1. Tell me the angle of helix 103-114 to the major Cα principal axis of the chain, expressed in degrees between 0 and 90 and rounded to the nearest ten.
2. Over what distance in Å are the Cα centres of region 121-193 and region 276-329 separated?
3. At 0.36 nm per residue, minus the direct Cα-Cα distance, what do S345 and R236 gain on full extension? Give it in nm, one decimal, please.
4. Compute, for region 17-257, the length of the dipole vector about the Cα centre, with Cβ point charges of +1 (Lys, Arg) and -1 (Asp, Glu) only. Units Debye, rounded to 20.
5. Let me know the charge dipole size of region 144-198 about its Cα centre in debye, to the nearest 20, where only the beta-carbon of Lys, Arg (+1) and Asp, Glu (-1) is charged.
6. Take L200, L122 and order them by how many other Cβ atoms sit within 10 Å, fewest up front.
7. Student exercise: in region 17-257, how many lysine pairs 8 or more apart or on different chains have Cα atoms under 25 Å apart?
8. Using per-residue counts of other Cβ atoms within 10 Å, averaged over each peptide, order 128-134, 279-285, 97-103 from highest down.
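Just so it is clear, none of the values below were taken in a lab; they were calculated from the coordinates. Only a predicted model underlies this, so the values are computations on that prediction, with no experimental measurement involved. All Cβ positions, glycine included, derive from the backbone under ideal geometry; neighbour counts span all protein chains shown.
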Amino acid sequence: MKLPVYLDNNATTPVDPRVLQEMLPYFSDKFGNAASRTHSYGWEAEESADMAREQIAGLIGAHPQEIVFTSGATEAVNLAIKGVFENSDQQEKHIITVCTEHKAVLDTCKHIERLGGNVTYLPVNTSGQISLTDLENAITANTILIAVMYANNETGVIQPIREIAAIAKKNHIAFLSDATQAVGKIPLNVQNDGIDLLALSAHKIYGPKGVGALYVRKKNPTVTLTAQMDGGGHERNMRSGTLNVPGIVGLGWACEIAGAEMVREAKRIAALRNAFEVELLVLQDIEINAEDARRLPNCTNISFGQVDGEKLIFEAGSDLAFSRSSACTSATLEPSYVLKAMGFSDERIHNSFRFSFGRFSTEEHVNHAVSVISKIVKQHRHERDHGHHPVV
């Protein structure tokens with residue numbers, strides 16, 4: 001077993017060897033530019049990009065021509081929000097989002113506010129979910145976009161997407177969902193779910209970093225965006241720039257494999273995650289954050305009582321790779337804004353950690369993680385009880 005055991009798959013995933021295999025020829029033999037229309041190298045590259053569009057569309061229930069390639073979900077989110085905002089001819093423009101969204105959405109909305117737009121940030125309950133009543137009450141005559149993530153990156157909490165989409169549609173408002181964490185992990189379908197714009201990224205689903213896509217609905221209703229990258233008019237004038245063909249091929253195959261294996265994998269990974277939670281709960285004074293909510297099958301966010309969170313992650317470092325639920329900087333340790341919005345105390349937040357399992361996680365990994373964490377937690381509590389070290 002390779003150490004440290006990797007339990008941070010919500011941050012990124014390794015490239016699946018099957019995906020890498022498909023990508024490799026596009027770095028050397030099949031190196032053509034997809035925009036080169038006069039020879040076979042270009043045709044081959046364009047055909048490969050089109051095949052990837054079909055593979056991505058197949059996974060999310062879209063039409064291939066509704067897929068716009070980007071450098072990742074962050075760019076996709078920027079294109080969606082800024083593109084809708086700039087394309088709207090309304091005098092006053094209002095966007096509704098959620099205070100627990102990924103920074104890609106929140107920071108883009110802050111940018112919109114600086115441009116004179118109005119943004120409403122909906123609160124969440126202790127399970128991390130929004131109130132549909134709050135959403136309906138926030139809508140004004142000027143609302144042009146509702147942006148709600150499919151599943152949260154820190155807690156795995158899934159929002160009531162279809163109900164949100166129905167509210168958006170009833171009010172003739174475009175609906176964007178950042179589905180970066182959900183795509184490939186749980187079944188979703190942009191038609192059935194009523195999503196108009198959807199962002200996704202390859203590196204969360206065993207594809208390469210630096211490539212992603214934005215789904216843009218073509219009809220019922222048609223969503224029109226103002227491009228954010230000007231240049232050669234690539235991607236139907238929505239995103240100029242030479243296509244990253246090796247990355248796009250990787251994204252396509254990552255989607256293909258996810259589609260074929262997702263249901264079986266979700267069941268297997270959920271069993272690992274559940275076993276991990278059950279084993280740790282034996283330690284007492286342990287809480288699963290958002291335990292009652294509908295969550296992604298691979299993710300758990302756990303709070304450890306009577307433990308020094310700083311020391312826990314440091315002492316486990318050589319054995320386990322997992323993440324804090326907080327944004328760390330060299331000078332300060334800021335509590336996770338997601339858990340803060342759910343109403344948790346600073347102490348609980350500082351002692352909360354995200355563990356995210358994946359395609360290459362095994363029972364052996366779970367057993368090792370439980371063993372390492374249990375040992376550290378027991379040691380911390382023993383030291384606290386015997387006055388060796390103050391617990392932060």
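1. The angle comes out at about 60 degrees.
2. A separation of 26 Å, based on Cα centres.
3. On the way: separation 109, 0.36 × 109 = 39.24 nm, distance 4.82 nm.
Full extension from S345 to R236 adds 34.4 nm.
4. Working: 20 positive and 25 negative charges, 15 e Å.
Its charge dipole is roughly 80 debye.
5. Values: 4 positive and 5 negative charges, 31 e Å.
Computed about the Cα centre, the dipole is about 140 debye.
6. Details: L200 32, L122 20.
The order, fewest Cβ neighbours first, is L122, L200.
7. 26
8. Numbers: 128-134: 17.0, 279-285: 14.1, 97-103: 21.7.
Per-residue mean Cβ counts within 10 Å order the peptides as 97-103, 128-134, 279-285.
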